[in-house]
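Right, one structure below, let's go through it.
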Ligand SMILES: Cc1cc2nc3c(=O)[nH]c(=O)nc-3n(C[C@H](O)[C@H](O)[C@H](O)COP(=O)(O)O)c2cc1C
């Protein structure tokens, strides 16, 4: 059966490292027969979590905005790809707000309303030449996403992208590695 994959781009830039990686991944997932829907957070209108706990009294977020459709479609998704620049040692503000809103996908017992754990791929783009720089943040995201019902089974780091630097594509070795990882990731079903 066709895998349903949601991609969330947390970079405001169309021509940076996150978007370059997303273009390659999307193409590869489509080639593998997945149904892919991509959202660019920076073009969407949404608010951060209100901390009202409405989603723990009944399923779903009390806010109705551009994230409503995304949260709804995530319930039936097989996999999620989130991509973000590293700003000040952390994911972008847009991505941070998005992750907080995923809190509405779990019930008061911290179980996903959807009843299944979905696989997760993370993509990080950063100025640092070494990925180790962002490791603490990557681990934080991994732990938060695990609590939210997503198991990180692949992580991609695009390093050495200077602030404001535009990229047409990625170096060939990185592109090849992305394609390999995308193929493996999309075929990997998570058994519960
Ligand atoms: C406000 C701001 C803060 C940044 N902070 C960091 C940082 O803490 N560590 C780092 O490695 N790069 C940092 N960078 C560089 C970006 O992570 C890098 O340019 C990245 O490629 C941006 O992602 P994008 O190309 O997908 O837009 C920062 C850039 C900006 C604009």
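Derivation of every value follows stated rules applied to the coordinates shown; laboratory data play no part. Source: prediction; values computed, not measured.
Computed quantities for the displayed model
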quantity: Compactness of the range 37-107, expressed as Rg and Dmax over alpha-carbon positions, Å; calculated: 12.3, 36
quantity: Computed Rg/Rh of the range 104-147, alpha carbon atoms with Kirkwood Rh; calculated: 1.11
quantity: Relative frequency of Cα-Cα separations exceeding 24 Å in the range 1-143, percent; calculated: 32
quantity: Tilt relative to the chain, helix 17-31 - C-alpha long axis, 0 to 90 degrees, to 10; calculated: 80
quantity: Of all DSSP beta bridges in the range 4-187, antiparallel share, percent nearest 5; calculated: 10
quantity: Helix 135-147 vs. the chain, principal-axis angle (Cα, 0 to 90°, nearest 10); calculated: 30
quantity: Cα centroid separation - the range 99-123 against the range 1-62, whole Å; calculated: 14
